[in-house]
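Below is one structure, written out as structure tokens; the observations come after it.
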Amino acid sequence: MLYSERVMDHFEHPRNAGEIEDADGVGQVGNAKCGDIMRMYIKVDENENITDVKFKTFGCGAAIATSSMATELIKGKSIKEALKLTNSAVVEALEGLPPVKIHCSVLAEEAIKAAIDNYYQRKNGGEGVTVNDACAACEH
Amino acid sequence: MSKRRIYMDHAATTYVKPAVLEAMLPYFTENFGNPSSIHTTGQLARSAVDRAREQVAAAINALPQEIFFTGGGSESDNTALKGIAEAYAKKGNHIITTNIEHHAILHTCEWLEKNRGISVTYLDVDDKGRVTAEQVEAAIRPETILVSIMFANNEIGTIEPIAEIGAVCRKHGVLFHTDAVQAVGAVPVDVVAMNIDLLSMSAHKFYGPKGIGALYVKKGVRVPTFIHGGAQERGKRAGTENLPGIIGMGKAIELAVANMEESSKRVAALRDRLLKGILETIPDSRVNGDTEHRLPNNLNMCFRYIEGEALLLRLDLAGIEGSSGSACTSGSLDPSHVLLAIGLRPWFAAPNLGRRDDGRGRGLRACDPARNSENIARNVANI
């Protein structure tokens, strides 16, 4: 098998998949050309703790698993802590990824940052979704 | 896990038929001789190689002395292109091919452009993956030395108009090579009737072993020595012969050609049932390639809004093994060059459920295509 058992578990049974209708922050990263699109929804309380997080991902097994794991790693954490999440922490939590799939973990990290960015924008009167479709991990 | 696995990736590789393995085994042990040795053990090996060469030649209507054993399809493709470019350098420096060739052709062409001053025309195919003889004729220039067009595509199974292209090449005095790796053993191939000057094939695509292939070179066509050393393969490819591989290839091609008509019909019927089931049960699914000019064992589809790898993983968990794009490119994240060439956009996933079957193998026959299509449908719905 291409992936670790942990990756397959998150691929088959993704945690926190879905949308939050009244989200406080929504971020989207990736593009169709590189094959992966991730959208993260966060719900933030008055103490800046992430009380709920959901994701929707169009992508390969690794993209789904990294999104799922990333939501688990930030759920219940403060925004400050969530911003410290790195892609390598996601990879480690998933017990590794094949080298060609490491960029998926980068996308997951970026998706969370985009959602938090969006939360701050909304707090300052902004609207809509923060979209970062220039995939930093590949040339597309 | 004892669940039965349904292997639908025979375009990537086939298993070795028991009869083929049985034919090979003595050549690992008691008949292990070096075909170049004078003694009895050597000469037994020599006559077995000669017989295998006859079997391979007969399968494509060639002469035994026109068959050179190689290490596989990629080596045959490399040798044909680089060899002709070198041997006919005085005649010209232009090669015509298509943009849906296997990477063994495309990357060799790119190398020749970069390092050998060869100019290459990459013909566009239509939305079914077909190129026409008229396109080839229009691209021929006075300095054209070779046309290399695949017999059948390894991803979408489209069969090219090889006889028509062969006739055009003959008319203009241009050599014609075809990468027939997917076609040999699946559809009739006749190098004389189709005016083919060079042809590549690989044993592990027709139930033979891996690591053995052949290059057919028509008598009178000049190719330089591929590997320098001893006098094996009439001085073209030095090195002690891959004896068991050669014997296995001979046996496998003989069996494949003998059962071709019956096997093609049966597999095509199963394929069509599976296709019908998928189209009926999965919304936004469509078939890629040409439904008329197509390998009997190939099915390539796209499921709109479904990501390829995610579907393959789900199918694998359900015990169905397919592919999206060529196995040779699975390490790359780029979308299939073949699907891009027929006008598909990258977010159309396209698992290839192509296969070939001899009737005794695992696969469609072992199960009900209707159940398979339901299974695929369920897995599409789950993503």
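Details
Per-residue answers, yes or no, for (1) open to solvent by less than 20 Å² (accessible area, probe 1.4 Å); (2) at pLDDT 95 or above; (3) under 20 Å from A:Glu21 (Cα atoms); (4) hydrophobic (A, V, I, L, M, F, W, C):
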residue: A:Cys60; (1), (2), (3), (4): yes, no, no, yes
residue: A:Lys80; (1), (2), (3), (4): no, yes, no, no
residue: A:Leu94; (1), (2), (3), (4): yes, yes, no, yes
residue: A:Ser105; (1), (2), (3), (4): yes, no, no, no
residue: A:Ile116; (1), (2), (3), (4): yes, yes, yes, yes
residue: A:Ala136; (1), (2), (3), (4): no, no, no, yes
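- Among the residues making up segment B:285-295, those that are surrounded by fewer than 24 Cβ atoms within 10 Å (Cβ to Cβ) and in a loop (DSSP other than H, G, I, E, B) are B:Asp290, B:Thr291, B:Glu292, B:His293.
- Residues being in a strand (DSSP E or B) and surrounded by fewer than 24 Cβ atoms within 10 Å (Cβ to Cβ) - total across segment B:151-168: 1
- Of everything in segment B:47-89 that is crowded, with 18+ Cβ neighbours inside 10 Å and among the charged types (D, E, K, R), the residue that is nearest to B:Ala180 (Cα to Cα) is B:Asp77.
- Scanning segment A:15-34 for residues that are assigned to a strand (DSSP E or B) and either farther than 23 Å from A:Ala93 by Cβ or away from chain B (no Cβ under 12 Å) (or both) yields A:Gly25, A:Val26, A:Gly27, A:Gln28, A:Val29, A:Asn31.
- Checking B:Lys128, B:Lys114, B:Lys171 one by one, the residue that is in a loop (DSSP other than H, G, I, E, B) and open to solvent by 20 Å² or more (accessible area, probe 1.4 Å) is B:Lys128 and no other.
- Each residue in segment A:35-60 was checked for being away from chain B (no Cβ under 14 Å), touching a residue at least 24 places away in the same chain (Cβ under 8 Å), part of a strand (DSSP E or B) and charged (D, E, K, R), and 3 pass.
- For segment A:67-104, the tally of residues that are out of contact with any Lys or Arg (no Cβ under 8 Å at 6 or more places or on another chain) and within 14 Å of chain B (Cβ to nearest Cβ) stands at 9.
- Where B:Asn31 falls short, out of the listed (1) farther than 26 Å from B:Ile320 by Cβ; (2) part of a loop (DSSP other than H, G, I, E, B); (3) open to solvent by 70 Å² or more (accessible area, probe 1.4 Å): (3)
- Segment A:1-23, residues that are open to solvent by less than 40 Å² (accessible area, probe 1.4 Å) and under 23 Å from A:Asn132 (Cα atoms): A:Asn16, A:Gly18, A:Ile20, A:Ala23
- Residue in segment B:199-217 that is among the aliphatic types (A, V, I, L, M) and closer than 27 Å to B:Gly343 by Cβ present: no
- Residue in segment B:3-26 that is in contact with a strand residue (DSSP E or B) (Cβ under 7 Å, 6 or more places away or on another chain) and surrounded by fewer than 18 Cβ atoms within 10 Å (Cβ to Cβ) present: yes
- Pairs meeting the criteria (first residue in segment B:114-126 and more than 15 Å from B:Ile140 (Cβ to Cβ), second residue open to solvent by less than 20 Å² (accessible area, probe 1.4 Å) and in a loop (DSSP other than H, G, I, E, B), beta carbons under 9 Å, at least 6 apart or on different chains) are B:Asp124/B:Val131; B:Val125/B:Ile100; B:Val125/B:Val131; B:Val125/B:Asn153; B:Val125/B:Glu160; B:Val125/B:Ile342; B:Asp126/B:Asp290; B:Asp126/B:Ile342.
- Selected residue (criterion: farthest from B:Asp9 (Cα to Cα)) from residues of segment B:324-342 that are modelled with pLDDT of 75 or more and within 14 Å of chain A (Cβ to nearest Cβ): B:Leu340
The values are calculated or read from the model by the stated rules, or taken from the named source; none is laboratory data. Note that the structure is predicted; figures quoted are calculated from it, not measured. Positions of Cβ are backbone-derived with ideal geometry, glycine not excepted, and every protein chain shown enters the neighbour counts. What goes into the accessible areas is simple: the full protein's heavy atoms, side chains included, and nothing from ligands, DNA or RNA. Shrake-Rupley method; radii C 1.70, N 1.55, O 1.52, S 1.80 Å.
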